[in-house]
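*Asks:* Got a structure for you, written out below as structure tokens; questions coming shortly.
The values are calculated or read from the model by the stated rules, or taken from the named source; none is laboratory data. Remember, predicted model here, so these are calculated numbers, not experimental data. A quick note on method: Cβ atoms are made from the backbone with ideal geometry, for glycine too, and the neighbour counts reach across all protein chains shown. Note: areas computed on protein heavy atoms with side chains; ligands, DNA, RNA excluded. Shrake-Rupley method; radii C 1.70, N 1.55, O 1.52, S 1.80 Å.
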Amino acid sequence: MSSSKRITKELNDCLTSPPPSITITLPSESNISLWHITLTAPPESIYSGGKFGLIVQFPPEYPFKPPTITFATRIYHPNITNETNGSICLSLLKTDNWKPSTKIVTVLEAIRQLLVEPQPDDPLETRIAEQYKNERKEFEKEARAYVGRYAKGPVQFGTEAGAATTGGEGQQQQQQVS
Amino acid sequence: MDTDDEFMSTVSSEDDMLPDDSDNDISGDDDFGFDDEPDPDLGIQQDIGQNKRAPYDVSFRVYEPQDIQQQQDVLIDEVNMILNISKEESAILLRHFRWNKERLLEQYMDHREKALEAAGLSQTTSAPPKLEVIPGFCCDICCEDEEGLQSFALKCGHRFCVDCYRHYLGQKIREEGEAARIQCPAEGCNIIIDARSLDLLVTAELTERYHKLLNRTYVEDKETLKWCPAPDCQNAIECGIKKKDLTRIVPTVACSCSHRFCFGCILNDHQPAPCELVKKWLKKCADDSETANWISANTKECPKCNSTIEKNGGCNHMTCRKCKHEFCWMCMGLWSEHGTSWYNCNRFEEKSGTDARDAQAKSRVSLERYLHYYNRYANHEQSARLDKDLFAKTEKKMVQLQKESGMSWIEVQYLSAASMALQTCRQTLMWTYAFAFYLARNNLTTIFEDNQKDLELAVESLSEMFEKPVTELADSRLKVDIMDKTSYCNKRRIILLDDTARNLSEGKWIFNVEFSNPTPISGPSSRK
Ligand SMILES: [Zn+2]
Ligand SMILES: [Zn+2]
Ligand SMILES: [Zn+2]
Ligand SMILES: [Zn+2]
Ligand SMILES: [Zn+2]
Ligand SMILES: [Zn+2]
């Protein structure tokens, strides 16, 4: 069973009727399993004004296994690890909860929603989650500072498997900024 | 895990449906019996004396795979008859309610739709599941739409092609080990796949695995049932001990495969130390392994002539080959003094207060104290292993002994009995040291230490006899000695366990660490 038919269909659907505030590019035309997503932060979120790079990698077993999604742009968020290629904690993407009929648009929408409404009770960054719960002002200040530092200007997708040739530079640039 | 938690919360949020918990506890608590047994008048039973158990003993039952299957079948049949729903649906409901039939029935009677919905069984149609070819069908998973594509849908109507369904089920069952709660592949649909639909879709090999996994949920869902942890053992043990009882009793159970383990924490038998202290102790040992590692070394130097001495059996009575000095492997003290009343190999002499005035001295003393107990704990663990190795060799020699001495197979079994006693007693001794480490002194600790010492001496002398060469073992006088000592060891062990378990159940031990203080076992409800 090949996953390419399903991915192609999802890609076509996304291109014909793009989901809100999301643009999709393929870093390599020959590899349909790797997507670069530019997510414009929802205006009602604390990250508003920022543009975030997301890397979507579809495993060979897709859609029976969930896609891997990471934040290429650093973000200050309780459910996203505070690093380049930050991993996301989303119950939808956990193996136990994943349903093969779930479409990538649903996942992207859930991530967008996560920016509006963090889930501090299921954190990947406990310290940030604590701050979110107890010192909201401090949290918001820091989150906005991150947006200013990392999420303005053209989105960089850094290094990851499949885009290694162009990736190194991007990450270096990001590190210089910090 | 997430799904599991959610499931738990759906069940527990319906507290109003639960029978009053306190009623349930009466039979389970005062005699640690079974909950599901009708509770005959306890007083009468105790008078007969049949059910009277030693304080360290718990009642339990061993179930083999066919027993487990049969218990499930009985429950499924009952629900099937009472509610007049199919067996598949009865099974799904029972699994959803964690095999609590009473709660299932109650909830089904009161809130039928809600119960069905929660269990992933909405509107019921009794038509048997079948594969279908639907014109114009396109599979939402693989996006195939070729003509004649076979497809399948559960009652919810979410239809997928057979290949996708098979792949999905195969992954759930084989890779994720899921069975009782495999949902429809559609996003957001919580309908559970039933056994009949599964049989239709997957290979016989996978069906078998599926049913095995379903059986596992029966045991895993019931608090009173646990799998025997021995590798390759398929049995389950039923025991009425609950989590909250564990500060009062150490529930050692024995599977018919001969594996003895703690029903509370599944670790190997650790009487007399309660689970909580065992956990603390093992953690401490793991954390301090650097400091303590040297102890478990197999070689030491003779305290008199410094020549290297290797330990090859479990016996702690060492005799230096070179200078013939006899000493104790554990405390390196003179062996001749070990039998006397004033000598204490097992007790740690707490230093007087003046000694431990400054912090440094205090921490040194506390390390010494820990090492004292760890040393003995680790030593018995090691000795038990060495005794076992030795027995493996002895077993071969038993055959030889049979031939040479003309003894029958049954006549050489005393060696096997001795080996068993050594194993069990050392296992107990080992844990007495972890227990003692956490024990604060009171008027009962002396009795405990005396019992420990008596058992230890008995074990060491049996261990010593056991190390004798085969030619000597054939001697009928030694044989009688070994048999006597074996039964003496077992007796001393019972005495020790009896004393520690009784005081534990009565809450008389004082521990020097935080220990969830138990509520008295005989609550107001049990006094009839
Ligand atoms: Zn399909
Ligand atoms: Zn469905
Ligand atoms: Zn067993
Ligand atoms: Zn235990
Ligand atoms: Zn010597
Ligand atoms: Zn000694």
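*Asks:* Hey, what do the phi angles of region B:83-91 turn into as Karplus ³J(HN,Hα) couplings, whole Hz, using 6.51/-1.76/1.60 and θ = phi - 60°, x for Gly and Pro?
*Replies:* So the J values, rounded to whole Hz, are 8, 6, 10, 5, 5, 4, 5, 4, 5.
*Asks:* With labels modelled as points extended 7 Å from the Cα through the Cβ direction, what inter-label distance (nm, one decimal) is found for B:R347 paired with B:K243?
*Replies:* Simple spin-label model gives 3.9 nm for this pair.
*Asks:* Over region B:198-285, consider all pairs of different Cα atoms and compute the Kirkwood hydrodynamic radius from their mean reciprocal separation; express it in Å, one decimal. Walk me through the numbers before you get to the answer.
*Replies:* Values: mean 1/r = 0.0678 Å⁻¹.
About 14.8 Å, per the Kirkwood formula over Cα pairs.
*Asks:* How large is the helix-only mean residue ellipticity at 222 nm for chain A, computed as the sum of -39500 (n - 2.57) over DSSP H runs with n ≥ 4, divided by its residue count, in deg cm²/dmol to the nearest 500?
*Replies:* Rounded to the nearest 500, the figure is -11500 deg cm²/dmol.
*Asks:* Now a separate question. Take B:K508 and A:R149, extend 7 Å from each Cα along the Cα→Cβ direction, and tell me the distance between the two endpoints in nm.
*Replies:* Result: 6.4 nm between the two label points.
*Asks:* Would you mind giving the mean number of other chain beta-carbons within 10 Å of the Cβ of each residue in B:138-144, as a whole number?
*Replies:* Details: counts 1, 3, 6, 9, 9, 9, 3.
For this peptide, the per-residue mean of nearby foreign Cβ atoms is 6.
*Asks:* Taking the Cα centre of region B:60-142 as origin and charging only Cβ (+1 Lys, Arg; -1 Asp, Glu), how large is the dipole, in debye to the nearest 20?
*Replies:* Numbers: 9 positive and 14 negative charges, 23 e Å.
Dipole magnitude for region B:60-142 comes out near 120 debye.
*Asks:* Can you compute the modelled spin-label distance between B:E223 and B:R477, with each label point 7 Å from Cα toward Cβ, in nm?
*Replies:* In this crude label model, B:E223 to B:R477 measures out at 5.9 nm.
*Asks:* I've got another one for you. Per residue of A:94-106, how many C-beta atoms from partner chains lie within 10 Å of its own C-beta, taken as a mean?
*Replies:* Taking all residues of A:94-106 together, the mean is 5.
*Asks:* Using only the C-alpha atoms of region B:126-202, find the volume of their convex hull and express it per residue in Å³. Mind dumping the intermediate values first?
*Replies:* Values: hull volume 7.1 nm³, N = 77.
Once divided by residue count, the hull of region B:126-202 is 92 Å³.
*Asks:* How large is the Rg to Rh ratio of region B:403-528 when both quantities use alpha carbon positions and Rh follows Kirkwood?
*Replies:* Answer for region B:403-528: 1.15.
*Asks:* Can you compute log10 of I(q)/I(0) for region A:3-157 with the Debye formula, treating each Cα as one identical point scatterer, at q = 0.16, 0.21 Å⁻¹?
*Replies:* Those come out to -0.87, -1.42, one per q.
*Asks:* If the chain between B:D484 and B:R112 were fully stretched, how many nm would it gain, using 0.36 nm times the residue separation less the Cα-Cα distance?
*Replies:* Contour length minus the Cα-Cα distance gives 127.3 nm.
*Asks:* Per residue, how large is the accessible surface of region A:3-157? Use a 1.4 angstrom probe and give square angstrom.
*Replies:* 44 Å²
*Asks:* For region B:126-202, with every protein chain kept in place, what is the accessible area per residue (1.4 Å probe, Å²)?
*Replies:* 45 Å²
*Asks:* Another one. Any idea of the total accessible area buried by the A-B contact, 1.4 Å probe, rounded to 100 Å²?
*Replies:* 1800 Å²
*Asks:* Expressed as a whole percentage, what fraction of the accessible surface of region B:388-470 belongs to carbon and sulfur atoms when a 1.4 Å probe is rolled over the protein heavy atoms?
*Replies:* 58 percent
*Asks:* Return a whole-number percent for the relative contact order of chain A, with Cα pairs under 8 Å and 6 or more residues apart as the contact set.
*Replies:* Over chain A, the number comes to 20 percent.
*Asks:* Per residue, how big is the convex hull of region B:99-167 when only Cα atoms are used? Give it in Å³.
*Replies:* Roughly 115 Å³ of hull volume per residue.
*Asks:* Let me confirm the definition first: pairs of Lys residues in region A:3-157, 8 or more apart or on different chains, C-alpha distance under 15 Å. How many are there?
*Replies:* Within region A:3-157, the lysine pair count is 8.
*Asks:* List the lysines whose alpha-carbon lies under 16 Å from that of B:K300, not counting same-chain residues fewer than 8 positions away?
*Replies:* Within reach: B:K311, B:K322, B:K324.
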